[in-house]
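The values are calculated or read from the model by the stated rules, or taken from the named source; none is laboratory data. Everything numeric in this text was worked out from a predicted model, so none of it was measured. Positions of Cβ are backbone-derived with ideal geometry, glycine not excepted, and every protein chain shown enters the neighbour counts.
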Amino acid sequence: MKVSIITTSYNRQATIAGAIRSVMAQTYPDIEHIVVDGASSDGTLRAIEECGSTRIARLISEKDSGCYQALNKGVRLATGDIVGWLHSDDVFYDDEVVADVVRCFEQTGCEFLYADGLFVSPDNPNWIIRDWVSGTYSDSKIRNGWLPLHTTVFVKRELFERLGYYREDYMISGDTEWLIKMMYRTGIRIHYMPKYVVRMGYGGLSTNWARTFHRWREDLGIYKQAGLSPRRALLKKVLRKFPQFVTAPFVKQPSDSDESSAEDAS
């Protein structure tokens, strides 16, 4: 299976190289990396060029109306069987992520796969701030404000034509609308892979307190449109976040496992 990874960016000179190198480091060979830049005015394009990545299949840099238009551009350029995302502030959890995802698609026959992710400090990727473990899927969980972390999702490309693209009129919650549209009572084959797949830099639109209330307003409208109870779904969505901060300090890092193995061997 061919996998298209879409990275969107705007003025991300400091972080874009890390995201690109994370894709380059993947052991899975058939990856199409598409980078959609919103006409950055800093050194983002120079940082991309300096990576010298042979895995960047397409690079476009032009003005857009926001991140969801950029995501739609990337999807429409994609030619892979599977589409996934890696934002310019993020890196894959390890070098086997894409290989594990493809293996899971092949073994389960799923159309939509999601996994677990970590929010980490932008200055120290080993400092975990939020531990997002999604768990198995059910419609009732969506009615109670649950959704998987968007950047842990991989889908069959054909689903976009069947169920729709991102709505570009949302400023922050377009991923929420898209996830509900894809998952809730659609009958597609959904599978949860219990593995960390991404380390996300803590910050940005979805974690900036100045934009939180705007996001909540968008969420309420999305929940109502989907036939959910808006206030209940939003309240439970907010409450679900608190345990993620509590469990974060106890997440076992890959290096911890390596050290334990070395100790056992000695």
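Worth pointing out:
- For segment 32-49, residues that are part of a helix (DSSP H, G or I) and either surrounded by 22 or more Cβ atoms within 10 Å (Cβ to Cβ) or within 21 Å of the chain's Cα centre (by Cα) (or both) total 2.
- In segment 174-214, the residue that is modelled with the lowest pLDDT out of those that are among the polar types (S, T, N, Q) and assigned to a helix (DSSP H, G or I) is S206.
- Any hit, segment 2-16, residues being touching a residue at least 24 places away in the same chain (Cβ under 8 Å) and assigned to a helix (DSSP H, G or I): yes
- Note on segment 220-234: residues that are under 15 Å from S140 (Cα atoms) and in contact with a helix residue (DSSP H, G or I) (Cβ under 6 Å, 6 or more places away or on another chain) total 6.
- Hey, T27 closer than 30 Å to C110 by Cα, surrounded by fewer than 17 Cβ atoms within 10 Å (Cβ to Cβ) and in contact with a helix residue (DSSP H, G or I) (Cβ under 8 Å, 6 or more places away or on another chain) or not: yes
- Residues that are touching an Asp or Glu at 6+ places or on another chain (Cβ under 9 Å) and on the phi > 0 side of the Ramachandran plot were ranked within segment 165-203; the one that is surrounded by the fewest Cβ atoms within 10 Å (Cβ to Cβ) is R185.
- Count of segment 237-253 residues, restricted to those that are hydrophobic (A, V, I, L, M, F, W, C), within 21 Å of Y93 (Cα to Cα) and either within 18 Å of the chain's Cα centre (by Cα) or surrounded by 12 or more Cβ atoms within 10 Å (Cβ to Cβ) (or both), is 3.
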